[in-house]
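Peer 1: I'd like to ask you about the structure that follows.
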Amino acid sequence: MTAAEPMPTQDDVLGYFDTLSNWGRWGDDDELGTLNHITDDVRLAAARAVRHGRSVSCAWEVAVPEEMERSTTSCPCFADLPGAENMPLPGFRNDRHWGYSNERLGILFHGNTITHLDSPCHIFWDGQMYNGRSHSLVDATTGSAWAAVTAAANGIVTRGVLLDIAKVREVPWLEAGQGVYPEDLEEAERRQGVRVRPGDAVLLRTGYGRARHETGPTGDFTQAGWHASCLPWLQDREVALIGADTPQDVQPSGYDDLAMPVHTVGLAAMGLWLLDNCDLEACATTATELNQWDFHLTVAPIRFAGTSGSPVNPIATF
């Protein structure tokens, strides 16, 4: 932080629940939160960011079988076919002319491994979710009746901006526990010749994706990431969505009573949707090659009823 912008104290960050709150900003029944910044005009402007026609994934491949299981039972849609009972994979009909493969997928996507979208109902503070709804609206059987991932069923289509902080600091990657501050964001803008606009999605590269490619995932939550001091900056710029190549928050956060302030203030107070655990290496390589740090970003969550997020494959098109 600069001398003009002292490091926020814990009381300052706790105050963000009020000063950065978007409760009621778009109406008392709003579940979209900061996605309201993505207007039709913003989507049209995002389309103009496509200047080369090249697209890259910003997601990690999900490993099998560590994070999924394959089914060895027949697919229900083939259950009535002759010979389908107890059919192993790959399966074939009795005539052997055609067959199929099938999986039953079980996945825990929250955490620090799988690329996923967090919706506002993922985090509570003092028993409340975004826009003042009670945590009691989340039911163990039916999921959340408020601000679930299905609020974004029409997809998130906007301009994405990659801010490469590892490049700014001239290191392969930030070390675990190193925070990213507003001055880092603005220095990245300056060096890259781009400026974050209202409705943008901001993707933060700490370089952890490179480290993970080279050495594997760390398996713990000590990491580089957004510092809480970035939250007012994101509010001022009217950012719709943030992502990172880590689970967002720098860990440790530096605040005893707020282990994950970006998650907590962002989701519960601001309604700020989060893209955790992106793989931004291909995106950064492409941006460097094309000298283009903005792009058309598409995020299409699976319409899981009542869930607090979804595994996703964000696509950046340059």
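Every read-out reported here was derived from the displayed coordinates using simple, explicitly stated rules and does not represent laboratory data. Because the structure is predicted, anything quoted here is derived from the model rather than measured. No Cβ is skipped: glycine too gets one built from the backbone with ideal geometry, and neighbour counts run over all protein chains shown.
Peer 1: What size of dipole, in debye to the nearest 20, comes out for the chain about its Cα centre when the only charges are +1 on Lys and Arg C-beta atoms and -1 on Asp and Glu C-beta atoms?
Peer 2: Charge dipole, the chain, about its Cα centre: 1160 debye, nearest 20.
Peer 1: Using a 7 Å offset from the Cα along the Cα-to-Cβ direction at both Thr39 and Asp11, what is the distance between the two label points in nm, to one decimal?
Peer 2: Here the modelled spin labels are 3.9 nm apart.
Peer 1: Right, here's the next one. Remind me, relative contact order of the chain in percent, using alpha carbon pairs under 8 angstrom and six or more residues apart?
Peer 2: For the chain, the relative contact order is 30 percent.
Peer 1: Something else about it: For an R0 of 51 angstrom, estimate the FRET efficiency from the Cβ-Cβ distance between Glu289 and Asp220 and round to the nearest 0.05.
Peer 2: After rounding to 0.05, the efficiency reads 0.95.
Peer 1: Could you give the longest part of the chain that holds none of the trypsin sites (Lys or Arg not before Pro) found in DSSP loops with at most 15 neighbouring Cβ atoms within 10 Å?
Peer 2: Result, exposed sites excluded: 196-302.
Peer 1: Next up: Gain in length, Phe304 to Val157, computed as 0.36 nm per residue apart minus the alpha-carbon separation, to one decimal in nm?
Peer 2: Gain on extension, Phe304 to Val157, equals 51.0 nm.
Peer 1: Report the one residue of Gly306, Trp23, Cys283 whose Cα lies farthest in the direction of the positive end of the charge dipole of the chain (charges on C-beta: Lys and Arg +1, Asp and Glu -1; origin at the Cα centre).
Peer 2: Cys283
Peer 1: Convex hull over the alpha-carbon atoms of the chain: what's its volume per residue in Å³?
Peer 2: 163 Å³
Peer 1: To the nearest 500 deg cm²/dmol, what mean residue ellipticity at 222 nm is calculated for the chain from DSSP H runs of n ≥ 4 alone, each contributing -39,500 (n - 2.57), summed and divided by the residues?
Peer 2: Result for the chain: -5000 deg cm²/dmol, rounded to the nearest 500.
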